[in-house]
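What follows is a short report on a single structure.
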Amino acid sequence: ITGAVIALCIAIQKYYGKIARKLKEIDNLLATASTTLTQTLPPLDSTQPTAVILIGKSRGVAMHSLLWVMRMFPNHFKNFIFISAGIVDVESFSGKKALETMQRDVQQTLNYFVSFCHQRGIAAKALATYGTDPVQQLTELAEEVCKEFKNIIFFATKLVFVHDNWITRILHNETAFSLQRRLHMQGTQLVVLPIRIE
């Protein structure tokens, strides 16, 4: 039994390593351009159509969502809001430095997308939250955004696997769909965008 458990753990670790390499390839493909803050920042207008994009750890996946929204809704959204939830887990609790590193990484990723929009003359801002339950944290953050911006649509990304099965569904969380259900209950739209993983 012990040997079987160890073998299962090793197999899961190898699987996550493979997915991490795939996401790294997406990052290298879609998030290679460097961005810098511009001097003149386009002002936000809460009366205009606003797209809120959920940002995870992968810049490439998030960039896929941003470019998809820009392509499918050309010049429609006048504001882009980027939100992210930093997960406070055992690793983050290992010390103050680890927690600060996690918070810095989240903020740097958000700043990357805000700068990307500003360089193209698009109003944007970023909001971050931290906690142990990302769905709850993102729901609360979404509620805050909805109070300020009325004409709003949320966008999240879901990994779609060519060889999908019950194992992949267990090993990958359903954050996007869980958040979608919560926001739909509140009358807020969230669109889940697929990104294919070979």
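The values are calculated or read from the model by the stated rules, or taken from the named source; none is laboratory data. Worth saying up front: this structure is predicted, and the values here are computed from it rather than measured. When we count neighbours, we look across all protein chains shown, and the Cβ atoms used for this are built from the backbone with ideal geometry, even at glycine. Ligands, DNA and RNA are stripped out before the accessible areas are found, and what is left, the full protein with its side chains, is counted by its heavy atoms. Shrake-Rupley method; radii C 1.70, N 1.55, O 1.52, S 1.80 Å.
Of these, Lys158, Lys125, Lys147, which one is touching an Asp or Glu at 6+ places or on another chain (Cβ under 9 Å) and either modelled with pLDDT of 90 or more or outside any loop (DSSP other than H, G, I, E, B) (or both)? Walk me through it before giving the result.
Working: Lys125 fails: touching an Asp or Glu at 6+ places or on another chain (Cβ under 9 Å); Lys147 fails: touching an Asp or Glu at 6+ places or on another chain (Cβ under 9 Å).
Only one candidate passes the filter, namely Lys158.
Restricting the search to the range 112-158, which residues are open to solvent by 70 Å² or more (accessible area, probe 1.4 Å), within 24 Å of Asp45 (Cβ to Cβ) and among the polar types (S, T, N, Q)?
Gln119, Asn151
Can you pull out the residues in the range 161-196 that are at pLDDT 85 or above and either at positive phi or of a type in the set (Val, Ile, Thr) (or both)?
Correct list: Gly187, Thr188, Val191, Val192.
Which residue pairs have Cβ atoms closer than 9 Å, lie 6 or more positions apart in sequence or on different chains, and pair a first residue in the range 123-136 that is charged (D, E, K, R) with a second residue that is in a strand (DSSP E or B)?
Pairs that qualify, where the first residue is charged (D, E, K, R) and the partner is in a strand (DSSP E or B), are Lys125/Asn79; Lys125/Phe80; Lys125/Ile81; Lys125/Phe82; Asp133/Ala85; Asp133/Ile87.
Name every residue in the range 35-45 that is at pLDDT below 90 and either open to solvent by 70 Å² or more (accessible area, probe 1.4 Å) or not polar (S, T, N, Q) (or both), in order of residue number.
Let us first name the residues in the range 35-45 that are at pLDDT below 90, namely 35-43.
Within the range 35-45, Thr36, Leu37, Gln39, Thr40, Leu41, Pro42, Pro43 meet the criteria.
Is it the case, given these coordinates, that Val106 is more than 23 Å from Ala20 (Cα to Cα) and surrounded by 13 or more Cβ atoms within 10 Å (Cβ to Cβ)? Don't jump to the end; show me each part of the working.
Working: more than 23 Å from Ala20 (Cα to Cα): no; surrounded by 13 or more Cβ atoms within 10 Å (Cβ to Cβ): yes.
When the stated conditions are applied, Val106 does not pass them.
For residues that are modelled with pLDDT of 90 or more and open to solvent by 60 Å² or more (accessible area, probe 1.4 Å), tally how many sit in the range 46-66.
Going through the range 46-66 one residue at a time, the tally reaches 2.
Please find, among Arg21, Arg71, the residue that is at pLDDT 85 or above, among the charged types (D, E, K, R) and either exposed (fewer than 11 other Cβ atoms within 10 Å of the Cβ) or within 26 Å of Leu141 (Cα to Cα) (or both). Quick ask: steps written out before the conclusion?
Details: Arg21 fails: at pLDDT 85 or above.
After applying the criteria, what remains is Arg71.
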